[in-house]
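What follows is a single structure, written as structure tokens, with notes after it.
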Amino acid sequence: ATSGPSWPLAFWSVGFDEVDGQQTPVVWYNTGPVADDQGSVTGVPTATVVATGKPGGTVRPLITGDASVAYVLLPEPDGPSRLWVVHQDDLGSRGTDVTFREPTAMVIGGDGALWVADADGLHVVDVEASTVAARTVSDTPIRSLLPNHNDPDHAVLLLDDNGVVTSVAGTGEAVEHYR
């Protein structure tokens, strides 16, 4: 199982579990003691499964979010990864109709939007709409994303397959390029 690097994601984990004899991607919410006031893990956290994908996916699940909601890409047996919006109490948790091919990174950008990188490029996802939708802002495959919380006008920093680091505005347009 994996969890993200920021503090709220200490409550969330994703990975694979054996469900009815098949490897199935799942999302856990940690329900036990996770950390003391210094931020160090105390004991073994207990967790409950709050979302279960389809068995048979093999790509690594990805996760980002905050203490109450996680955005998760769970792999499906036929190749793509489906975006799930998962709540800690499981109420309103759902798989969406949005899928990504070979996702490599997912972050909440400095603009508060959900950004996803995959083999088809960079996408901004509107998770607040009644029907979750993704808009492609670049068709260059992306290796990694980093939220830029210091400058909301430049929502994310990305490293593309050409080795170029770019600061990207919330509109999706490249603002600055670095090598």
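The values are calculated or read from the model by the stated rules, or taken from the named source; none is laboratory data. Owing to the predicted nature of the structure, the values given are computational and were not obtained by experimental measurement. Side chains included, ligands, DNA and RNA excluded: accessible areas come from the protein's heavy atoms. Shrake-Rupley method; radii C 1.70, N 1.55, O 1.52, S 1.80 Å.
Rolling a 1.4 angstrom probe over the protein heavy atoms, how many square angstrom per residue are accessible across segment 117-167?
On the way: 2560 Å² over 51 residues.
Ligands and nucleic acids excluded, the figure is 50 Å² per residue.
If amide H atoms are built 1.01 Å from N in the plane of the peptide, which residues on other chains or at least 5 residues away come under 5 Å of the amide H of Trp12?
When sequence neighbours closer than 5 places are left aside, the close amide H contacts are Asn30.
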